[in-house]
Each structure stands twice: as C-alpha cells, then as structure tokens.
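One structure is given here, and the rest of the page talks about it.
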Amino acid sequence: MMKLDIALTAIDTANAADPNQEDGKPAALLYGQRMSEELDRLYPEATDPLKIAARGQHIERWITPRQSYPDGKAGYHAWRRDQARHHADRVGEIMASAGYSPEEIEAAAKMLRKEGLKRDADVQALENVICFVFLKWYFAPFAAKHEDGKVLDIVQKTARKMSEEGRARVLAEFDLPKQLAEAFRD
C-alpha cells in the first residue's frame, strides 16, 4: 500500500466514527470523500499533502462541537481556529505514521490552518475546493434554513475566499440566482 493510500485510509477510519449521519454515512467521512472527489476534478495534479489536507479537512470535527464555545462571532472564530489546529495535528500524526517527511506534514498543516490564503497556491486550492463542496452539497440545505440576507452574506463570504479562477468556474458551473451570482463577479 502506498503512503497516500495509508494516510487516506487512516483519515477515513477516524471519520467513520462520526456519530452524525448524512445520507446514511458518518458525516465527516462523507465530507472527506466529497472533498477528495472535488479536488480530483478541480486539481487533478494535486500533491499528496493537498490530497491529504482535502480528505482531512474535517477530521474528527464532532469531537469539539460548536456548542462547546460561546455564542457569537468571537466564539465561532475561536472554535474554527481550534478545529483547524486539531485537524492539522491529527492529519500530521497520520502523515508521520504513513512515512511522510516533516516538510510534507507542515505543508498539509499550513493548508488546514489556512495560512497563506490568497498567497499560497495549495492553500488557495484547498479553499476553492471547500467552497465548491459547500456550494454543491451543503448550500441548498443551508439556504432552506436561513433568511435571504443571511444566505447572501454567506455566499459573499464564500466568494471572497476563492481565487479569481475559482469564482469564474463557479459562475460557469452553477446556476445561481442573479443576486448570488453577483458575489462571484466581484
């Protein structure tokens, strides 16, 4: 078995323990598989660290639920930072066990911590994939639960995180209502 297969299998094994279910599967496992599918489609030449970061983006996310942090923006941002650190640490442990170098492990960790967004090609590629996965599988259920102003705000935030090429691809691939599509044209 190759290093990449060992790492991806270990991530899937960890995520299979997610008690939250979606479409009859553990939610984190399904999310990781969706991330890998979109990465393969959008960035077929991705490096191993990028492939592993994509699969491990939400590794063991259920361990520290959002509700364990204070309500509001500050609590949300603290939870997201702590999640990113946990994901980077867990993925790093898995990569080390699979035989990856410290440099490769740090490259994946940097992506998972979102260090260098808009400046590092792999960090940006991961963010673009995250946004595509959200739009493809999670946007409609989110939009159904929230008022239009909140939906527009989330779409605008999503678009701002993407590269120019990523935003152009969203416009080409998704049939968004005019107001939401405008967020990807800026």
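The values are calculated or read from the model by the stated rules, or taken from the named source; none is laboratory data. Treat the numbers as computed from the prediction; the structure is a model and nothing was measured. Cβ atoms come from the backbone with ideal geometry, glycine included; neighbour counts cover every protein chain shown. For accessibility, only protein heavy atoms count, side chains too; no ligands or nucleic acids. Shrake-Rupley method; radii C 1.70, N 1.55, O 1.52, S 1.80 Å.
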Worksheet item: Rounded if a/c is under 1.5, else prolate if a/b beats b/c, else oblate: with a ≥ b ≥ c from the C-alpha gyration tensor eigenvalues square-rooted, which is region 70-129?
Response: oblate
Fill in: region 129-142 - phi-based ³J(HN,Hα) in whole Hz, Karplus 6.51/-1.76/1.60, Gly and Pro as x
5, 4, 5, 5, 4, 4, 5, 6, 10, 10, 5, 4, x, 5
Discussion item. Could you give the length gained by full extension between T64 and N20, i.e. 0.36 nm per residue of separation minus their alpha carbon distance, to one decimal place?
Written reply: 14.6 nm
Discussion item. Which of rounded, prolate or oblate describes region 15-133 when judged by the alpha-carbon gyration tensor and an a/c cut-off of 1.5?
Written reply: rounded
Worksheet entry | Cα centre as origin, Lys/Arg/Asp/Glu Cβ charges: region 1-148 dipole, Debye | 380
Discussion item. Taking a virtual spin label 7 Å from the Cα of R185 along the C-beta vector, which residues in region 109-153 bring their backbone nitrogen under 19 Å of it?
Written reply: 152-153
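Quick one: net charge around D48, please, counting Lys, Arg +1 and Asp, Glu -1 for every other residue with C-beta under 10 Å from its C-beta.
+1
Just the number please: accessible area per residue for the chain, 1.4 Å probe, all protein chains included, in Å².
Per residue, the chain has 53 Å² of solvent-accessible surface.
With all protein chains present and a 1.4 Å probe, how do F139, F184 order by accessible area, largest first?
Highest to lowest solvent-accessible surface, that is F139, F184.
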Discussion item. I'd like the orientation of helix 3-15 relative to the chain: the angle between its Cα long axis and the longest Cα principal axis, in ° from 0 to 90, rounded to 10.
Written reply: 60
Worksheet item: Which FRET efficiency value, to the nearest 0.05, do you get for S97 and H146 by plugging their Cβ-Cβ distance into 1/(1 + (r/R0)^6) with R0 = 35 Å?
Response: 0.30
Response to the item:
Non-local residues with an amide H under 5 Å from the amide H of L176, with H modelled 1.01 Å from N and Pro and chain starts lacking one, are none
Item to complete: Mind telling me which of R119, R81, R61 comes out most flexible in a GNM of the chain, alpha-carbon contacts under 10 Å?
Response: R119
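Carbon and sulfur together cover what percent of the accessible area of region 26-91 at a 1.4 Å probe radius?
52
Report the relative contact order of the chain, percent, no decimals, based on alpha-carbon pairs under 8 angstrom and at least 6 residues apart.
18
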Worksheet item: Do any of K73/K145; K150/K178; K118/K157; K51/K145 go past 21 Å between their Cα atoms, and which?
Response: K51/K145
